[in-house]
1. Averaged per residue, what accessible surface does the chain expose to a 1.4 Å probe, in Å²?
2. For the chain, what does -39500 (n - 2.57) per DSSP helix run (n ≥ 4), summed and divided by total residues, give at 222 nm, in deg cm²/dmol to the nearest 500?
3. Between the helical axis of 31-40 and the dominant principal axis of the chain, each derived from Cα atoms, what acute angle in degrees is found, rounded to the nearest 10?
4. Mind checking the angle between helix 56-68 and the chain's longest principal axis? C-alpha axes, 0 to 90 degrees, to the nearest 10.
5. Report the equivalent ellipsoid semi-axes for the chain in whole Å, largest first, defined as the square roots of five times the eigenvalues of the gyration tensor built from alpha carbon atoms.
6. Expressed as a rounded percentage, what relative contact order does the range 8-105 have, with Cα pairs under 8 Å and six or more residues apart?
7. Could you work out what % of the accessible surface of the chain is carbon and sulfur, using a 1.4 angstrom probe and leaving DNA, RNA and ligands out of the count?
8. Which angle from 0 to 90°, rounded to the nearest 10, does the C-alpha axis of helix 15-28 make with the longest principal axis of the chain?
Amino acid sequence: MSALRQFKTVKYIKASQLINELSKAEKLDNYQEVLNQYAAYDLLAVDDFGLMNLDINKCRNLFEVFDSRDPHKSILVISQIPVASWYDMFLEHTYAEACLARLLSDAYRLEMNGRNMRNIEPINKQP
């Protein structure tokens, strides 16, 4: 919300949707155009990172997105998986090292612990 208030361009996307869109773009022969769109946002927020299998093509596509972004533009990665386990999500470890180097160098890390907000019981109002 803060980025939007500062008139920054923001894209929020689930990691699986990002990967699917890039795979589809490859088939439709507009991969570079789609990649350029993701590179152009001031803030790219990728949610549910790590909830999919990262085969070689998915690893490559994630790397291309992370690598295409200007170093002065931000990537926000949201994950329920601890950062220490991210390397093991990648089936191809060369891409794991390359992606994580781009994500984690000069990164700010906020670890949130607590109850899942989706599982909180609604407050029963008494009449």
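1. Ligands and nucleic acids excluded, the figure is 73 Å² per residue.
2. Details: 6 runs with 57 residues, N = 127.
So the calculated ellipticity at 222 nm is -13000 deg cm²/dmol.
3. Long axis of 31-40 versus the principal axis of the chain: about 50 degrees.
4. Taking the Cα atoms of the chain, the angle to 56-68 is about 90 degrees.
5. Working: eigenvalues 155, 71, 52 Å².
Over the Cα atoms of the chain, the semi-axes work out to 28, 19, 16 Å.
6. Working: 127 pairs, mean separation 30.7, N = 98.
31 percent.
7. Taking all protein chains in place, the chain shows 51 percent carbon and sulfur surface.
8. 30
The values are calculated or read from the model by the stated rules, or taken from the named source; none is laboratory data. It should be emphasised that the depicted structure is a prediction, and the values quoted were computed from it without experimental measurement. We work out accessible area using only protein heavy atoms, side chains counted, and drop any ligands, DNA or RNA first. Shrake-Rupley method; radii C 1.70, N 1.55, O 1.52, S 1.80 Å.
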